[in-house]
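Below is one structure, written out as structure tokens; comments come after it.
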Amino acid sequence: MVQMKERPRIYTAVLEEHLEKHRQMALVSGPRQVGKTTVCRLLSDHYLNWDNSDDRRRILRGPAALAEALQLDRLREKPPVAVLDELHKYSKWKALLKGFFDTYGDQVRLIVTGSSRLDVFRRGSDSLMGRYLLYRMHPWSVGESLRTDLPQQEVRQPAEIASAEWDALWEHGGFPEPFLRRDSRFTRRWRSLRQEQLSREDLREVAQVADLGTMETLMQLLAERSAQQLVYSNLAREIQVSVDTVKRWVDLLARLHYGFMVRPWFRNVAKALRKEPKWFQRDWSGLADDGARAETMVACHLLKAVEGWTDLGFGEFELRYLRDKQKREVDFLVVKDRKPWFLVEVKVSETSLSPALAHFQAQTKAAHAFQIVFNLAHQQADSFRIHRPVVAPARTFLSQLL
């Protein structure tokens, strides 16, 4: 069996650079079982987990007791690295971090991990402004299976992924345990357990959802509709709740990293918010339809890229899709600093260029337009050298991302 310790992650390099260059806290968020604890513990001198009752008591005693537990009064060559794991489960975690960082920030380098709330609090007033840098962790991807060093720019040179790695990503998804074990029976059991933990444990922690049975039905419907537009009124009718309730529940499931929404691109932001988003599962391995699985796998790769590029300081990136009144559609648009950068249309085997690519490239002035095809062999050619619409192998294109 392949052990996780034999496979370094790109996020180790990301956090090592952070610890070397920045005094701010590193807030590390991401889905359950994406590998946050494994990566962060490797970098830590001290590790405290909110789920451990002894560690929880130390945390609850406040900043001074926490400093004592981390032995910050000892003479050291450089500040120790402390990890506070699953801290988002503490209702007053922001106040604790603010007080601790303001008093002891020069004596320790702090990594804080969490799943659901950690990257959401920025929507409101942010009492930690200037005290942290956010890093969003994602499952394995084609790019990470090839390289785990830090990129110097967004796009890398193409490289060929081994067939076994590609097949493992397609069949088992990118979450570390199933991807590394590559055991179909284990993957099915892992997928079922993860869904149960999300629906039973995480929902109970984060929100007061009275009807968990109906929520689980919604989760099943969303899983069946990955890569499709969300029509809230249809979902509400199927599970017999109000449209507002469905919207609130879908948003909650996105915050819990069960899936994510991709909104249409309009220069008018208000107009974009009124249109239906597309829904994608975080784990594509259980999707029965090859087309939906391929598009969802690409969506997850693109989300990892845009969030990673943003977190690494290359710019402000967004993932969108395009659709007009004539029902022409392109699956994805990557936006850099509010300007369209490249278009992506996903196909399993179709190599005839979609006419929508040229149409929307002309409209958006995007520099690149790709039709990526899963059933094409790798080509050692830089996809991003071409500025006209081009058919590219999925293996080649995805190898150039994070």
Checking residue 327 against (1) more than 21 Å from the chain's Cα centre (by Cα); (2) over 24 Å from residue 146 (Cα atoms); (3) touching a residue at least 24 places away in the same chain (Cβ under 8 Å), the condition it does not meet
(3)
Regarding the range 233-245, can at least one residue be identified that is closer than 30 Å to residue 398 by Cα and surrounded by 12 or more Cβ atoms within 10 Å (Cβ to Cβ)?
no
Inside the range 321-366, the number of residues satisfying the requirement of being of a type in the set (Gly, Ala, Ser) and either under 22 Å from residue 300 (Cα atoms) or crowded, with 20+ Cβ neighbours inside 10 Å (or both) is 4
Given the conditions (1) more than 20 Å from residue 191 (Cα to Cα); (2) surrounded by 14 or more Cβ atoms within 10 Å (Cβ to Cβ); (3) not β-branched (Val, Ile, Thr), which single one is not true for residue 253?
(1)
Report whether or not residue 335 is assigned to a strand (DSSP E or B), modelled with pLDDT of 95 or more, out of contact with any helix residue (DSSP H, G or I) (no Cβ under 7 Å at 6 or more places or on another chain) and among the aliphatic types (A, V, I, L, M).
yes
Residues (of a type in the set (A, V, I, L, M, F, W, C), without any contact (Cβ under 8 Å) to a residue 60 or more places away in the chain and crowded, with 20+ Cβ neighbours inside 10 Å) located in the range 367-396:
369, 370, 373, 392
From the list 294, 272, 288, which one is surrounded by fewer than 17 Cβ atoms within 10 Å (Cβ to Cβ), at negative phi and either in contact with a His (Cβ under 7 Å, 6 or more places away or on another chain) or modelled with pLDDT of 95 or more (or both)?
288
Among the candidates 221, 169, 203, single out the residue that is crowded, with 17+ Cβ neighbours inside 10 Å, at pLDDT 95 or above and not acidic (Asp, Glu).
169
When you look at residue 83, is it under 28 Å from residue 399 (Cβ atoms), surrounded by 17 or more Cβ atoms within 10 Å (Cβ to Cβ) and among the β-branched types (Val, Ile, Thr), yes or no?
no
Counting residues that are free of Cβ contacts under 8 Å to residues at least 12 places away in the same chain, at positive phi and touching a Cys at 6+ places or on another chain (Cβ under 7 Å), which strands (runs of 3 or more DSSP E) fully inside the range 1-113 reach at least 2?
none
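The values are calculated or read from the model by the stated rules, or taken from the named source; none is laboratory data. Bear in mind that the values here come from a model prediction, so they are computed numbers and not experimental data. Here Cβ is always computed from backbone atoms with ideal geometry, including for glycine, and neighbour counts include all displayed protein chains.
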